[in-house]
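Student: Got a structure for you, written out below as C-alpha cells; questions coming shortly.
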Amino acid sequence: MSQLGSQLRLRLQEQATKHGLMDFCQTGPPSMPFFDFASERGKPLLQRARIRLFCSECAKHGIWFHPYHTMFLTGSHTPEDIEQTLRVTDRAFEKVASMQALHPVAPKL
C-alpha cells in the first residue's frame, strides 16, 4: 500500500504542477493521504472551491476523494486502480486550472 500511495502522490504532484496548481498539497502517510490547496487553508469548508471542484470532478468519473478528510488506500487497490485514478485526476486538475484562470487566487501578503 505504501508503494502505491507513494506512486499516487508523486504523480498527483506532477499533474498539479503541469496544470500550474503550485499550491496543491498532500499530507499524511502515503496510504492515508489528505489533499488541499494551500491558498484555501483557513477558509470555511464551503468556501474551499478548488478542492471541492477537484473532488467533484473526480467523483463524476468514479474516483472518490473527500474534500475535507483523510482518504485510505487498501490492500484491494491495484496498480491499475492507481492508473485509472490518475487519468481522472489529470482531467480534474485541468478543470481546477480553468477555474483558476477565470478567478485567480490572490496571494497572501
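Student: Which condition number in (1) without any contact (Cβ under 8 Å) to a residue 40 or more places away in the chain; (2) within 22 Å of Ser2 (Cβ to Cβ); (3) open to solvent by 50 Å² or more (accessible area, probe 1.4 Å); (4) in a loop (DSSP other than H, G, I, E, B) is the one that Ile63 fails?
Tutor: Among (1) without any contact (Cβ under 8 Å) to a residue 40 or more places away in the chain; (2) within 22 Å of Ser2 (Cβ to Cβ); (3) open to solvent by 50 Å² or more (accessible area, probe 1.4 Å); (4) in a loop (DSSP other than H, G, I, E, B), Ile63 violates only (3).
Student: Could you grab me the full set of residues in the stretch 5-24 that are outside any loop (DSSP other than H, G, I, E, B) and open to solvent by less than 30 Å² (accessible area, probe 1.4 Å)?
Tutor: Gly5, Leu8, Leu12, Gln15, Ala16, Phe24
Student: Considering only residues that are hydroxyl-bearing (Ser, Thr, Tyr) and not in a helix (DSSP H, G or I), look in the stretch 75-100 and name the one that is surrounded by the fewest Cβ atoms within 10 Å (Cβ to Cβ).
Tutor: Only one residue tops the list, namely Ser76.
The values are calculated or read from the model by the stated rules, or taken from the named source; none is laboratory data. Because the structure is a prediction, the values reported are computed rather than measured. No Cβ is skipped: glycine too gets one built from the backbone with ideal geometry, and neighbour counts run over all protein chains shown. Note: areas computed on protein heavy atoms with side chains; ligands, DNA, RNA excluded. Shrake-Rupley method; radii C 1.70, N 1.55, O 1.52, S 1.80 Å.
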